[in-house]
Every structure is written in structure tokens, then in C-alpha cells.
Amino acid sequence: MARGEAMDVEHRMRRFDGVYRWFHTRVEPFRDEAGNIVRWYGLLTDIDEQRRVEDALRQREQQLSSAMQIATVAQLSASIAHEISQPLSGILTNASTCLRMLAADPPNVEGAIETARRTIRDANRASDVITRLRALFARKEGMTEPVDLNETARAVMAMLHNQLQRNRILARAELCEDLPRVFGDRVQLEQVILNLLLNALEAMNGVDERPKQLLVKTEREEGDRVRLTVQDAGTGFDDSALDKLFDAFYTTKSGGMGVGLAVSRSIIENHHGQLWATPNQQGPGAAFSFSLPHLPDVNQMSATHVH
Amino acid sequence: MSIEAVQTVKPSLVSVVDDDESVRESLPDLLREFGFAAEAFSSAEAFLASDFVDHTRCLILDIAMPGMSGPELQRELAQRRHAFPIVFITAHKDEAMRRHLLDHGAVECLFKPFNETALLAALHSALRVN
């Protein structure tokens, strides 16, 4: 508003009856001919129902996408069987017809040719089903390459920007300048950072009485390593939970599936790194960090060259 | 040599209702090779709206279809006092469903892909009943 620009904000407010609800406020400046702001127009909309529905939908989506990854073999088999049964049925019917047509007196060659054509088409249909299935479940060969963790962290934070804003997260990045690159699968490392950020978001979900501070930090570590930390001001965890945090399927989220941290840890370990969690020393919340060996420093190399 | 062969017996009409295009394309031809007349419909609604309902001697019916399902069509036809026998066909292998349909008057329920022997047997069953 200080800059005189229109603004959209979603926020909670206490209604006349004491109930907190989500509102959307849009304010726009009204200017005179000289361009001076004469007044501000505001529109306040109660979006509480909408927010509840959106939240519920998003939760379902998250549950569904986790669940879909672990779709039961039985359900999968049934789908595959169904998809392939249809063209197979066509093939069988057409081939039976073909034989009968050729056995007729005189043979119905035209008809037989048509059934053969349909048979080929149905076989291709079945083949397409298999191709689609393969594509769906293909483990794409990971690509390893030099990865700049700062760049990756920025990219993930940019991707989550809307969500962070919506949840009123105060996100801050303290990224080490000249952070040496690591060698690995950029997509997988993105997944890990995304997982940590989403967990932080989740941990601060119910938080109202303090700022929702989120810090993403990168730094060098002894032993030619780099470390990335995601620190939140959320509910934190106690020592008893610490052991279980990284177990597959452990979750404190109701209805969540908790595979994120276990998978993240295995990705980091495949990159010859470690992933761990520490409760915050000052204040509530926790910090999740991973460290990875980095590629030889360009600086270091020129330094060794010199002498 | 006979000059002409008069067809004194009209081939029985077997109607096929299935939303799967390859069934609608392939099954009628096989039925005609068996000696039947055949018509195909992409939906129960299309069948009900056609002129062929009254002339149908036997119905080959898909179970799961968008819109009115096979079993729903079965009920509707019963309500309209159509007594022709029904052979269900389906890609979903479900024995319980098959049992249920047979108990409710279906002549047979074939699982896709079915061979022509199974189909012929079902048709003979159906038309014997009729």
C-alpha cells in the first residue's frame, strides 16, 4: 500500500461473533488526474467455506497421490486384466469369424480380410495398453550431473511460493555464496528439499501465536561437504519420536503416509550423504539437514595449481 | 439344380449391446456366420429406442456401461414384459456377479475374452429356453 499498488491478501479475522474466519481483501487506489491517490477502495470477502473445501481437497489429493504410488497389486492387476481383455476379445471373435468365412462355399475372402485387419488393430490396442503401463511405472534412469544446491533450493522455494504465502510462512533463505556444487541427480535432490519444505509447512500448520518462520540455509561443512538445512518454528518433536521419524510409514499427520522422510533419507544416502533432524535449541520447532560431499572447488583447484 | 433356395425360416435376431466398439464391430459378424441376424447398439438407451426391441430373440449384453448398466436394462426389459433371454458379457471377472445374474434370470454370463464354443453354447442354451 505504501507503494500505491493494488493488493490482494488472504487473512483470518475475528468476526463480530468472536469466530475466526478466513477473508480475502482486495484494495485498490483511486487516483485523480494528477495521479495522486485520492482514496482506497477495499473489498472484503468471506472465503472461509471455500478455504475449508480447498484445504480438504488438497489433503485428499496428497493422500491420494501417496496412496496411488502404493496402489495394491490386486487393484492394478484387475485394471490391467480389464484393459487387455477387451482387445483380446475382439481378436478372438474376429479370428473365429475369419475361419468360418474362409470355410464357407465359396470362401468369403473380402470378409476374411476385414476380420484380419480388425485383429491387427486390436492387437495394436493391446500393445498400446502395455506401452502405457510401462511408461507409468518406468523408473526413469536418473541423470547425474553437477548440481548447485542454492539454485535447486531457490527453484523449490519459488515453486512453493504461493503455498508459503497462503500459509503466511515467513520464508527466509541464507544461502552460502560460492557454495561448491555436488554431484548427483538434480530431480531427486529437488524432491528431498521439497519434502523437507512441505514437512516444515505441515509442522507449522496449526501455529497461530508466533510467526511461522522458515529458514533454508546452505553452508560448507568440514571434510569437503556442503550442508542444507530447513528449519521451522513448528510443533517440533521429542526424543522418542526422533528414532521413528525416518521410518517408512511413520507419520504424525492424520491420514498421511509418511514415506517422504524415509525416501529422502535413502536418496541422500545414495548420494553418499546423511540426513538428520535436530530439535531447535531456541524456541519451538526443528531443523532437518542433509550433508553431501561436494565436487572439487574451482577455487581450491586453482589454489593448488598456483603452488 | 434348384433355381432358387427360398429362405422359409428367417434367421433369429440376436442383438448386441456393448459400449466397446470392437465388440460391436466383431460380434455381429461372428453371429451372422453362425446363421443369426445381428444388430449392435452402443448403449442400453439406444437399444430401447430402436425398432429392434420387439424382434430380438436373444440379447448379448455388456454389464458395465456408462448410462444404463446391463443389469438395469435387464430390469427395464422385464418391466416392459420383454421375455427374450439374456447372455451377459463382461471384461470384469467376478464370479459373485455372475452367480447373481444367473440367479436373476440370465441364461449365461461370459467373461471376455470368450471363444466361439462358449458363445455358441450360450446361444443354444438361450434359444432352447425360448
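Label points 7 Å out from Cα along the Cβ direction at A:E222 and A:I80: separation in nm?
5.2
Roughly how many nanometres apart are two label points built 7 Å out from the Cα toward the Cβ at A:A103 and A:T235?
The two pseudo-label positions are separated by 7.0 nm.
Excluding A:V129 itself, what net charge comes from residues whose Cβ is under 12 Å from its Cβ, given Lys and Arg +1 and Asp and Glu -1? Walk me through the intermediate numbers first.
Details: positive: A:R125, A:R132, A:R134; negative: A:E83, A:D122, A:D128.
Taking every other residue near A:V129 into account, the sum is 0.
Treating only the Cβ of Lys, Arg, Asp and Glu as charged (+1, +1, -1, -1), what charge dipole size does the protein assembly as shown show about its Cα centre? Round to the nearest 20 debye. Walk me through the intermediate numbers first.
On the way: 48 positive and 62 negative charges, 115 e Å.
About 560 debye.
For A:D148, B:D54, what's the largest-to-smallest order of accessible area, 1.4 Å probe?
On the way: A:D148 50, B:D54 120 Å².
So the residues, ranked largest to smallest area, are B:D54, A:D148.
Using a 1.4 angstrom probe on heavy atoms only, work out the carbon and sulfur share of the accessible area of the protein assembly as shown in %.
Values: 13870 of 26330 Å².
Of all accessible area on the protein assembly as shown, carbon and sulfur atoms account for 53 percent.
Working with all protein chains in place, sort A:V216, A:V9 by solvent-accessible area computed with a 1.4 Å probe, largest first. Provide the component values of the computation, followed by the final result.
Numbers: A:V216 0, A:V9 50 Å².
Reading off the accessible areas and sorting them downward yields A:V9, A:V216.
Relative to the first principal axis of the alpha-carbon coordinates of chain B, what is the inclination of helix B:70-79, with its axis defined by its Cα atoms, in degrees from 0 to 90 and to the nearest 10?
Roughly 70 degrees, rounded to the nearest 10.
So if I place +1 on the C-beta of Lys and Arg and -1 on the C-beta of Asp and Glu, and nothing else carries charge, what would the dipole magnitude of chain B be about its Cα centre? I want it in debye, nearest 20. Show your work: numbers first, answer last.
Details: 12 positive and 20 negative charges, 107 e Å.
Once rounded to the nearest 20, the dipole reads 520 debye.
What accessible area per residue, rounded to a whole number of Å², is obtained for the protein assembly as shown using a probe radius of 1.4 Å? Write out the running numbers ahead of the final one.
Numbers: 26330 Å² over 437 residues.
Result: 60 Å² per residue.
By accessible area of protein heavy atoms, probe 1.4 Å, what ranking do A:R225, A:R172 get, highest first? Walk me through the numbers before you get to the answer.
On the way: A:R225 45, A:R172 105 Å².
Reading off the accessible areas and sorting them downward yields A:R172, A:R225.
Along each of its three principal axes, how wide is the spread of alpha-carbon positions in the protein assembly as shown, in whole angstrom units, largest first?
109, 69, 56
Among B:H82, A:A78, A:L99, whose Cα sits farthest toward the positive end of the charge dipole of the protein assembly as shown (+1 at Cβ of Lys/Arg, -1 at Cβ of Asp/Glu, about the Cα centre)?
Among B:H82, A:A78, A:L99, the one farthest towards the positive end of the dipole of the protein assembly as shown is B:H82.
Counting alpha carbon pairs within less than 8 Å and at least 6 residues apart, what relative contact order, in whole percent, applies to region B:14-98?
On the way: 119 pairs, mean separation 25.1, N = 85.
Value for region B:14-98: 30 percent.
Kindly compute the accessible surface that chains B and A hide from a 1.4 Å probe when together, both sides summed, and give it to the nearest 100 Å². Could the numbers behind the result be given before it?
Working: alone 7720 and 20310 Å², together 26330 Å².
It comes to approximately 1700 Å² buried between B and A.
The values are calculated or read from the model by the stated rules, or taken from the named source; none is laboratory data. Remember, predicted model here, so these are calculated numbers, not experimental data. Heads up, the Cβs are rebuilt from the backbone with ideal geometry, glycines too, and the neighbour counts pull from every protein chain shown. In case anyone asks, the SASA skips ligands and DNA or RNA and just uses the protein heavy atoms, side chains included. Shrake-Rupley method; radii C 1.70, N 1.55, O 1.52, S 1.80 Å.
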